[in-house]
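Below: one structure, written as structure tokens.
The values are calculated or read from the model by the stated rules, or taken from the named source; none is laboratory data. Since we're looking at a predicted model, the values are computed, not measured. Cβ sites come from the backbone with ideal geometry, for glycine too, and all protein chains shown count toward neighbours. Heads up: the accessible areas ignore ligands, DNA and RNA and are worked out on the full protein's heavy atoms, side chains in. Shrake-Rupley method; radii C 1.70, N 1.55, O 1.52, S 1.80 Å.
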Amino acid sequence: MERTPIIQLDEATIGRIAAGEVVERPAQVVKELVENSIDAGARRIRVVIENGGFQRILIEDDGHGIPPEELPLAINRHATSKLRNSDDLASINTLGFRGEALAAVGSVSKLTIRSRQTGADGAVIEVVNGNVGSVQPTGMADGTSIEVQEIFAAVPARMAFQRRPTTESAAVVDVVTAYTLAHPEVNFSIEVDGRTTLTSPSVEQPEDRLFDVLGGISERLIPLKPPSGDNQAPGDERWRGWISPPSIDRGRTDDIHIFVNDRSVAATDFLQSIRRGYHSRLMVGRHPMCVLFLDLPAEEVDVNVHPTKREVRLRNSWRVLERLERAIAHTLLDIPTGAPSAPNQPLGAVERMTETSTELKERIVPPRVPSSQPSWMTAATSVQSRFSQPISPSESQHERPRPVSTSPTPQATLPGMDSNPIAPALSSEERHLHRHSNHGDPVSPMDEPAHSDQKTNVPVMEPLAQFADTYILAQGGDELFIIDQHALHERIRYERLRNEMTSWEAQNLISPLELELSPSQIQIVEGYRELLTKLGLEFDKEARRLLSVPRLLIGDERLHGFIRDLLTDLSTTEGMMLDSVERLQDDIAFMRSCRGAVKANQRLEIAEMRRLLADMSTIHNPWACVHGRPTVLRMGINEMDDHFGRLG
């Protein structure tokens, strides 16, 4: 191959190369322009796109505006009003700062900028694929209007790699939606191909903006409540926002919105802390809904690390992520797993149970207003169901106390049932997750140590019977509870085993274990010998042989994999967050809790059922098993009365 000489590229080529970094797609153009509008103090932003933004993008705002003499400068690369020198890069308080967006967009499209300041004349300037026109006067309202037409039309190679217009339209809506959540004080509207997709007036309460963007599901989101001790912890960073209860989940992470100082950023770096905060509250492969805001000093975040500013670097990332994990875990402490019962489906999962047993006994149920037709009448099809007998005033205004049922005999199954009932314990997916549960003998709840410290408010429940040797039927207050005995016992055992795993006592090996470590891994061992020793791992001087291992891992085939994962964690987090240690402890607790828990299709005595129910209050989350499956279903007495027509 012949050598080609080094030449200086022309400005048009340089502009298009820069545009390739800053302007990836139409949605990125909208993001840059909306950020400029917010930085300009706009209180009304209108976004219009046609054909996914490839044909036309229009951003109108009522911000400060640009004076006519500065319009030519605004479309030059690295011309900005937000920085004065390099020192300002250490503390950026605006969404935009590089001064690249307009120049990059103008090099690959027909760009028209109209702007007017209050009390001044309006002006317009055009840029067509890098060719700048002259400034001309124009009439317009105060603010700025930026129109982008035929983007990438002059760069066929770029256009060939773009997505379909429908996909790009959805991406644009996502971009604007993110900033709608972050800036409730701004009135946003989006029009896609002549159709208004979103109109969100400015609001004073962020919760109102949640409803505008997310719809009715926002009413079930939970405000984030960090532990009170975090206020005294080192650091000025603070998390706020909303998360979904475990009963609301998604198959993808699209509904996880992260904002750093009101800047929308990719959620990738925060997903692990979010998963750790939910821990076993969600089913495997499911994700929560989150709208989370991180507030911290501008000098502690570097936003100049990615061309599109979708990623940031935090000075104390480990501390910030730990705060997020603690805040989510603390918020979910009193939130059960499951879905609430519906009027047409009275049997539902426990949604929230924070009242003490005394409160449940003393609670006075308000009088229920009878509907025009009870649910049983709506469901019935006979002629007789068209007539109903009204309730007497005394019965409707004063609810009589309901008796608490008890089991007359220590029966294990309901009367009249097969003496050997069979119920499928798990779905095929859960059988895979519970691969350990069929190994080892189950431990009776009566043979385990009793715990008296209360951690969760659970109603006092009286066991009545077993159903199919798999589910415990119990009454608590004025509700019937149906409990999955295996899932509940598994959860109880898991939390207790996990809390006991605080010691990594070392066991010396008779014969040192040879390890095949890379030079970089050996260097990590040398730098973290003290920490590794605390974890029960002692290496020889050359860091090539293992002299001791934790007792937890004696004879465990996961030892080599654990060491590799641990060294990776040490190199990436500098020893601040050891996910491999947490994963190993979880894995061991999962296995042991599954193996020792009572099984489905296993007959229990009334005393064993009563012990399981009593142990529910001694763990933090009795409402879901370790894999996120609900442990409890409930049916209230009012739902039963309504179903059977006793309420009129």
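Counting heavy atoms of the protein chains alone, SER511 has an accessible area of about 80 Å² for a 1.4 Å probe.
Which of LYS110/LYS309; LYS455/LYS599; LYS31/LYS309 have a Cα-Cα distance over 20 Å? Walk me through the intermediate numbers first.
Numbers: LYS110/LYS309 24 Å; LYS455/LYS599 25 Å; LYS31/LYS309 10 Å.
Correct reply: LYS110/LYS309; LYS455/LYS599.
Averaged per residue, what accessible area in Å² does segment 185-232 show with a 1.4 Å probe, protein chains only? Walk me through the numbers on the way to the answer.
On the way: 2750 Å² over 48 residues.
Heavy-atom accessible area per residue stands at 57 Å².
Pairwise over distinct Cα atoms, reciprocal of the mean inverse distance: report the Kirkwood radius of segment 581-636 in Å, one decimal place. Please list the in-between numbers first.
Details: mean 1/r = 0.0753 Å⁻¹.
For segment 581-636, the Kirkwood estimate is 13.3 Å.
When the chymotrypsin sites (Phe, Trp or Tyr not before Pro) in segment 149-191 are filtered for DSSP coil states and for at most 15 other beta-carbon atoms within 10 Å of their beta-carbon, the remaining sites are PHE161.
Approximating the spin labels as points 7 Å out from Cα along Cα→Cβ, the ARG275-to-ASN304 distance works out to 3.4 nm.
Each of ARG25, ARG164, ARG610, ARG496 has its accessible area taken with a 1.4 Å probe; listed largest first, they run ARG164, ARG610, ARG25, ARG496.
Close amide H pairs (under 5 Å, H built 1.01 Å from N) link HIS257 with CYS290, VAL291, LEU292, residues at least 5 positions away or on another chain. Toward the positive end of the charge dipole of segment 231-308, with +1 on the Cβ of Lys and Arg and -1 on the Cβ of Asp and Glu, the farthest Cα among PRO288, THR268, GLN232 is that of PRO288.
Accessible surface of ASP121, taken over heavy atoms with a 1.4 Å probe and every protein chain present, rounds to 120 Å². Taken along its three principal axes, the alpha carbon spread of segment 188-287 comes to 49, 33, 24 Å, from the longest extent down to the shortest.
Within the straight-line cut-off of under 17 Å between alpha carbons, the aspartates and glutamates reachable from LYS541 are GLU514, GLU516, GLU526, GLU530, sequence neighbours fewer than 8 places apart in one chain being disregarded. Counting only aspartates and glutamates at least 8 places from LYS225 when in the same chain, those with an alpha carbon closer than 17 Å to its own are GLU207, ASP236, GLU237, ASP295, GLU322, GLU325, ASP334.
Only protein heavy atoms count here; on that basis, with a 1.4 Å probe, SER518 has an accessible area of about 40 Å².
At 0.36 nm per residue, and after removing the present C-alpha to C-alpha distance, how many nm does the segment from ARG250 to ARG43 gain when stretched out fully?
Residue separation times 0.36 nm, minus the Cα-Cα distance, leaves 71.2 nm.
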